[in-house]
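One structure is given below, encoded as structure tokens.
The values are calculated or read from the model by the stated rules, or taken from the named source; none is laboratory data. Note that the structure is a prediction, hence the values are computed from the model and not measured. FYI the Cβ positions are ideal-geometry reconstructions off the backbone, even for glycines, and counts take in every protein chain you see. Note: accessible area is taken over every heavy atom of the protein model, side chains too, but ligands, DNA and RNA are not part of it. Shrake-Rupley method; radii C 1.70, N 1.55, O 1.52, S 1.80 Å.
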Amino acid sequence: MAGKVKREKWSENFSEWYNELIETAGIQDKRYPVKGMNIWLPYGLKIMRNIERFIHSEMERTGHEEVLFPALIPETEFQKEAEHIAGFEGEVFWVTHAGHDPLDIRLILRPTSETAMYSMFSLWIRSHADLPFKVYQIVNTYRYETKHTRPLIRVREISRFFEAHTAHDSYEDAERQIREDLEIFDRLAKFLAIPYIISKRPDWDKFPGAYYSLGAEIMMPDGRTLQIGTMHNYRQNFAKAYDIKYETEEGEHEYVHQTTFGMSERLLAAVMAIHGDDNGLVLPPTIAPIQVVVVPIPKKDAEADVFAYAREIAEELRNAGIRVHVDERDIRPGRKYYDWELKGVPVRIEVGPRDVEGRKAVIARRDTLTKEVVERAEIVEAVRKTFDGIMDNLYNRAKEFLESHIKRVDTIEEAKAVFEDRRGIVEIPWCGSEECGLKMEEELDAKMLGTPYPEEKARIEGKKCPVCGREAKFIARFARTY
Ligand code: 5CA
Ligand code: ZN
């Protein structure tokens, strides 16, 4: 119950809560003198690295190889795929000079790496034996975002941009890749205890140059959605522009089919927003730099025993592979609790003279703010069980929140009422025409996320499009978005 009261305030002032917590929890410093570019602080970077360690292991598991491309792309390469340029030209930073001289061929700072990678793919990919070809990198990319910038969420230097790029001998194999991306994404989401939905973007909002795009969205505390991952099937669009061909077994030369899969530090923003509460961060134990903090509560003049006991417990946990820290600072315990709660440490162990005597310890959970007394001899088991309990609780309460924010409606009036009330995602029948889709976006002052994916989930019968009155073919999702 205590936890619930706290989370209400978090949901009322989410935007301010978030901006403040980024700094107070030691994630980023926003005072760097370039708008939309922030500094990673050690604690924030450690959390992000733990997220990325999981991504690297997933890439390894699925046979993607890591590469690193330069950040600068010649204008001439950038301009090879028409839709891609049209989509990005208003968003790129240019390098026009070197020293005192203007460059003959101007350079752009990559907003994403298709146009950096694909002329090289055309040199590397020769035969069907080279396919499927699967690479990825985690790099900084640059986008001159014109919407309101926000740390981790909408930045102009995306400093932890993950991008996987693949090439295939057929459309079917590229489709298989998209299914693999979805599986990787699902495993990552479980690792972060984040429930999400997948939508197929409408044609007018797909990635520039893509045949189709899928987006993964989460529900933020204020009822707006945040896209935290995308998968795109390019078909042969880029292969034709960059001349990426392979020789078939029969000796024919065919263009490859390509896909990409992208994510960023928005993943960390999602973790902060979804699991956090009024006391600060709540980190899933999977990514917490410190999983357990041990706080000794010594009595005056009898400190040695309590400190020794605390260190002994920490040592045992460390040997069991748990990331643990003993807070031996000379300040009041209440002050220590406050600090570690703010930083989202999943488990706190409190030990005092009576615990030393009775061979016990107190385990405090960050997610529920509840305490439990455990036997000293069972400490490792108890901590592990608590971690599992935290992962389940974080996931379940977030899933309940997401599901309670998705509303099926039949009319524009009902949809409007949802956005006036608690926001969330509206699912409404749609004939499939761009005209009606755009009209609904305008009427609702919301964005169409797209249709539920996989496609079987998007089909409906017996309903009418609320704009034109024709038979509805799909369910379309609308939301106010970040
Ligand atoms: N080339 C494709 C796939 S790698 C691509 O760039 N797709 S994207 O534009 O959708 O970006 C991939 C992911 O990067 C998005 O899903 C989002 O999570 C993240 N992202 C995009 N723009 C920003 C931004 N300005 N700040 C933070 N993260 C961003
Ligand atoms: Zn219609």
So for the chain, taking the charge dipole from beta-carbon charges (+1 Lys/Arg, -1 Asp/Glu), which of Gly344, Asn38, Ile108 sits furthest toward the positive end? Gly344
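When the accessible area of the chain is computed with all protein chains present and a 1.4 Å probe, what percentage of it is carbon and sulfur?
On the way: 10560 of 22120 Å².
Heavy-atom surface of the chain belonging to carbon and sulfur, 1.4 Å probe: 48 percent.
Suppose R0 equals 45 Å. What FRET efficiency, 1/(1 + (r/R0)^6) with r the Cβ-Cβ distance, do His253 and Lys30 give to the nearest 0.05?
Values: r = 51 Å, r/R0 = 1.14.
Taking R0 as 45 Å, the efficiency between His253 and Lys30 is 0.30.
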Residues listed by number, the stretch 135-160, amide nitrogen under 19 Å from Glu89 label point at 7 Å toward C-beta: 143-146
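Divide by every residue of the chain the summed helix terms, -39500 (n - 2.57) for each DSSP H run of at least 4, and state the resulting mean residue ellipticity at 222 nm, rounded to the nearest 500 deg cm²/dmol.
Details: 15 runs with 179 residues, N = 482.
Per the formula, -11500 deg cm²/dmol.
Rounded to the nearest 20 debye, what is the charge dipole size of the stretch 8-275 about its Cα centre when +1 sits on each Lys and Arg Cβ and -1 on each Asp and Glu Cβ? Working shown, then result.
Values: 31 positive and 43 negative charges, 218 e Å.
Computed about the Cα centre, the dipole is about 1040 debye.
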Residue by residue through the stretch 289-305, the couplings from Karplus 6.51 cos²θ - 1.76 cosθ + 1.60 with θ = phi - 60°, in Hz, x for Gly and Pro, are x, 10, 8, 9, 10, 9, 10, x, 10, x, 8, 3, 6, 10, 6, 3, 4
Collect residues whose amide H, placed 1.01 Å from N in the peptide plane, falls under 5 Å from the amide H of Leu449; neighbours closer than 5 in sequence don't count. Arg477, Phe478, Ala479
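What does the accessible area per residue of the chain come to in Å², with a 1.4 Å probe and no ligands, DNA or RNA counted? Kindly include the intermediate steps, with their values, before the conclusion.
Details: 22120 Å² over 482 residues.
In whole numbers, the chain has 46 Å² accessible per residue.
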Over what distance in Å are the Cα centres of the stretch 20-72 and the stretch 421-482 separated? 35 Å
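Taking every pair of distinct Cα atoms and averaging 1/r, then inverting, what Kirkwood hydrodynamic radius in Å comes out for the stretch 14-171? Working shown, then result.
Details: mean 1/r = 0.0559 Å⁻¹.
The Cα-based Kirkwood calculation yields 17.9 Å.
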Whole-Hz ³J(HN,Hα) for each residue in the stretch 228-237, computed from phi via Karplus 6.51 cos²θ - 1.76 cosθ + 1.60 with θ = phi - 60°, x for glycine and proline: what do you get? 10, x, 9, 10, 10, 9, 8, 6, 9, 4
List the cysteines in the chain whose Cβ has no other cysteine Cβ under 4.7 Å from it. Cys436, Cys468
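How do 338-345, 116-123, 407-414 rank on mean C-beta neighbours within 10 Å, highest first? Each step should come with its number before you reach the end.
Numbers: 338-345: 20.6, 116-123: 18.4, 407-414: 14.1.
The most tightly packed comes first, giving 338-345, 116-123, 407-414.
Highest mean first, how do 347-353, 391-397 rank when packing is the count of other Cβ atoms within 10 Å averaged over residues?
Details: 347-353: 21.6, 391-397: 17.4.
Peptide ranking by packing, descending: 347-353, 391-397.
Average projected area of the Cα convex hull of the stretch 292-389, in nm²?
For the stretch 292-389, the mean projected area of the Cα convex hull comes to 5.7 nm².
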Non-local residues with an amide H under 5 Å from the amide H of Arg106, with H modelled 1.01 Å from N and Pro and chain starts lacking one, are Glu75
Placing +1 on the Cβ of each Lys and Arg and -1 on the Cβ of each Asp and Glu in the stretch 8-275, which of Phe207, Val139, Leu152 has its Cα farthest towards the positive end of the resulting dipole? Leu152
Could you give the dipole magnitude of the chain about its Cα centre, charging the beta-carbon of Lys and Arg +1 and that of Asp and Glu -1, in debye to the nearest 20? 1720 debye
Calculate the spin-label point distance for Leu41 paired with Glu316, positioning each point 7 Å from the Cα along the beta-carbon direction, and give it in nanometres. 3.4 nm
Antiparallel DSSP beta bridges within the stretch 292-389, as percent of all bridges there, nearest 5: 55 percent
Run the reach check for Lys300 against lysines, Cα to Cα strictly under 27 Å, same-chain hits fewer than 8 apart removed. What comes back? Lys336, Lys360, Lys371
Magnitude of the charge dipole, the stretch 304-390, Cβ model with Lys/Arg +1 and Asp/Glu -1, debye to 20: 280 debye
Among Met220, Gln79, Tyr196, which residue has its Cα furthest toward the positive end of the charge dipole of the stretch 8-275, with +1 on Lys/Arg Cβ and -1 on Asp/Glu Cβ? Met220
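Across all directions of projection, what mean area in square nanometres is found for the Cα convex hull of the stretch 406-479? Walk me through the numbers before you get to the answer.
Details: hull surface 16.8 nm².
Average of the hull's projected areas for the stretch 406-479 equals 4.2 nm².
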Pairwise label distance in nanometres, Asp101 with Trp124, each label 7 Å out on the Cα-Cβ vector: 3.2 nm
In whole Hz, what ³J(HN,Hα) sequence does the stretch 308-319 give by Karplus (6.51, -1.76, 1.60; θ = phi - 60°), x for Gly and Pro? 4, 5, 4, 5, 5, 5, 4, 4, 5, 5, 4, 5
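For the chain, what D do you get in µm² per second when you plug the Kirkwood radius from alpha-carbon pairs into Stokes-Einstein at 4 °C and 1.567 mPa s?
Working: Rh = 24.8 Å.
Estimated diffusion coefficient is 52 µm²/s.
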What is the distance in Å between the Cα centroid of the stretch 232-299 and that of the stretch 115-170? 11 Å
